[in-house]
Every structure is written in structure tokens, then in C-alpha cells.
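Enquirer: I have a structure here, written as C-alpha cells, and I will follow up with some questions on it.
The values are calculated or read from the model by the stated rules, or taken from the named source; none is laboratory data. Worth saying up front: this structure is predicted, and the values here are computed from it rather than measured. Ideal geometry is used to build each Cβ from the backbone, glycine not excepted, and the neighbour counts take in all protein chains shown.
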């Protein structure tokens, strides 16, 4: 920043054929310098703050609220809207757990804050509530711009985020950075879950209820159908040398045999897709693990027009890796709603990964945000950071390009209990 100031501070405008463009560029540079100065000032004079960490393991010790799920509201409080659009619930925090010294000492320390964000616009509302509260169903965030399932082809487990308890810890200034792996950046050690491959000999990878068993069977059946169609198309459409044709036919025979075996296994498993019992299902999972398949790699056609196709054989499960991501997504909802569905082996395996995510996906209050925001904030400004929520694999939301959403409020409004004017920024 010092270099930018040296380059541009006090610099006279030079004659140019397009002065409007020069003014625009200088305005951008000056704005960036101002933003950098504001961020540095916020970090330099930051006071007491709060760290909100998704609780792992559960049940939570002394939870201070939750991310995702549904709010608890008084019966007579209407669901918040902005210009006729219902907002989506994101978090609820128990203010009796919040230290008195954050937000420059102003704001309530009784009741709860419930946070709601517009599904498609940078807008939000905060409700300060108390008294008798009851669980309230609201609009689904599934069509919001920040519902993370938009970014893969996997079906959503629910139309709402999992309701994850959070623990509150007091700190000073910016939230501490975890040591080691950093989300979205390299080098560093890899995220543990991403290093895993699907393996049915690992009991933590087993389906744990009717729905996940059905997903496993459907996924394997789809893999076999796709493989069979691909092999048949090669044999019908491509000019093949004898050895390649024979290799494709051999793999097709293997796939067809596995398809026949799958039909028998599927019939045996049918009762458990309606009434799941892990002990009864496990022998059939071993049978699924024994199914064979393979893969092909089509490189190009040679100068004589013969297709160069690489053919390999392997366990069918090896090619059904998408199930592991689906299983993890379903396991999160089971963990917060009906944890007894998960076996001790599965629970321990998932907890080791979710504890890792939780540390990197902490929210915060009254702190300098992780990235840049253009709204002035911090003790030397008129505004306080009411809440920051980072992009989260655990909860399932994404803010911008994997950044954070930050809600700020005028300190005077916070002191006077006025929550109508909330400013929303996405960090960058």
C-alpha cells in the first residue's frame, strides 16, 4: 500500500486522449488504497471479538446457537421479508453467551439474534427475539445463489441446511488462523476427506439407512449401464484392430455378468431399502464389493483409421466413487438429527473430517473479517461487524467465489435496538 501511495499520491493528471478513462482508473486505485487503509486500521485497533465454531463432536458442550436448519421464533413474529421476498434463515445466536465487551460494549446481552439473508440479493435482516420460542419452518434456500449444491450433480439431501450447533469462544481481534492446510490454497497437506477413495471393505463407507442403501445400489447400477452402453458403442461405431475388439468384448462380458449378479443382490437387498438393518445388509455389501468392471480410455484414431482404445479391468466399486461424497452429505444430516443411525465406526470416521472442516469454517462477531469489505468497520468507524459466515462444506453454503458473507450494523443502531438497516458484504 505504501508503494501505491508513493506512485499515485499527489500525481498530476497527464494529458490524455481519453481523460474520462484516466479519471476512472485513478478512482479505482484511490478506492483500493482507501480500502486497504481501512482494513489495516480495523486490524490494528480491533478489540474483543467472538469466534463461532461448528461443534464436533456432538452433542455440543454449552452450545451458543446454531448455523443452518430452522430458527426458533416467538409465535407472533412474522417471517422476515424484503420487498415481498421471504428471506432464508442462516444462524441463531444466544446473546446471553456473548461477552459484554464486544461491539464496543453496546447491543443486547439478553435474548437471541436470528439472522436471515435474501436468497438472491445482498440484503439481510436480524431479529432480536426473546421469551417463549418455537421451531418455525421457513422458505428453502435451495434456489438461493449461495446454496452450494448448485455446483455439483449430486441430489440434495434436504431442502434446508443441516442444523449445526456452534460453540462460542472469546478472542481479541481477527480470528486465529488454523495451522497447516489452508482452504483453497497450496502447498499444504490435503484435506483428509478428499484423499479417500470409496472402499466397501471400510465399514465407515457402508450405507447406514434405507436412503443411502438405495443410492448405493442405484449408483452401481447406473455405472454398469453407462459402461455397457459405452463398450457397445465402441464395438458398433469404431474401426478396431482384433486385439482391441477382443479386449472390449471381454470387458463387455464382464460388465454384463456383473449386471446379472447385481440383479440378484438387488433382489436380496430389497427388504432393507424399506427397513434397514446393517447387520443383515453387510454380507450383501461384501457381494457388491466382489463385482467386476473396468474402464476404457479412447486416445485417437491412428493413420489407418483404427481406434486407439486402452482397456483395463478392475473392481466395480472403484468406479463408484461418487457414492462416498453422497454418503458424507447424508451422514451430516443424520449426525445432527438422528446420530444413532451412524455406526460407531462411521461416526468416528466422519467426525475426524468434520472436526477438520469446523476449524476452517468458523464464523465470527465483532472482528476484522478475513478478507476485504468496502463497508467501514471497527472501533474507529461508526460500524460493527455483527456476523461473518464463511463458505462452508460442513453447512453447505458458498458466498461469492468461496469467500465470506459479512453483516455490519451502525453502532448507534445496535445501541438503540434498531436492526432494520443491515449492510451485507461479500469478502474478496
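Enquirer: Working carefully through the options 315, 347, find the one that is farther than 30 Å from residue 160 by Cα and under 32 Å from the mean Cα position of the chain (by Cα).
Expert: 315
Enquirer: Identify, from the list 262, 248, 252, 269, the residue that is closer than 13 Å to residue 227 by Cβ, assigned by TED's automatic domain parsing to the domain that holds residue 210, assigned to a helix (DSSP H, G or I) and within 35 Å of the chain's Cα centre (by Cα).
Expert: Checking each option against the conditions leaves just 262.
Residue by residue, here is whether (1) out of contact with any strand residue (DSSP E or B) (no Cβ under 8 Å at 6 or more places or on another chain); (2) surrounded by fewer than 17 Cβ atoms within 10 Å (Cβ to Cβ); (3) modelled with pLDDT under 95 holds:
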site: 234; (1), (2), (3): no, no, no
site: 244; (1), (2), (3): no, no, no
site: 248; (1), (2), (3): no, no, no
site: 260; (1), (2), (3): yes, yes, no
site: 263; (1), (2), (3): yes, yes, no
site: 269; (1), (2), (3): yes, no, no
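Enquirer: Would you pick out the residues in the range 234-245 that are touching a helix residue (DSSP H, G or I) at 6+ places or on another chain (Cβ under 8 Å) and part of a helix (DSSP H, G or I)?
Expert: If the condition is that a residue be touching a helix residue (DSSP H, G or I) at 6+ places or on another chain (Cβ under 8 Å) and part of a helix (DSSP H, G or I), then 234, 235, 245 are the ones that fit.
To keep it simple, each residue is scored yes or no on (1) over 30 Å from residue 409 (Cβ atoms); (2) at pLDDT below 90; (3) out of contact with any helix residue (DSSP H, G or I) (no Cβ under 6 Å at 6 or more places or on another chain); (4) outside any helix (DSSP H, G or I).
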| residue | (1), (2), (3), (4) |
| --- | --- |
| 329 | yes, no, yes, no |
| 334 | yes, no, no, no |
| 340 | yes, no, yes, no |
| 346 | yes, no, no, no |
| 350 | yes, no, no, no |
| 358 | no, no, yes, no |
| 370 | no, yes, yes, yes |
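Enquirer: Criterion first (surrounded by fewer than 22 Cβ atoms within 10 Å (Cβ to Cβ), under 19 Å from residue 161 (Cβ atoms), in the same structural domain as residue 148 (by TED's automatic domain parsing) and at pLDDT 95 or above) does residue 120 satisfy it?
Expert: Spelling it out, residue 120 is indeed surrounded by fewer than 22 Cβ atoms within 10 Å (Cβ to Cβ), under 19 Å from residue 161 (Cβ atoms), in the same structural domain as residue 148 (by TED's automatic domain parsing) and at pLDDT 95 or above.
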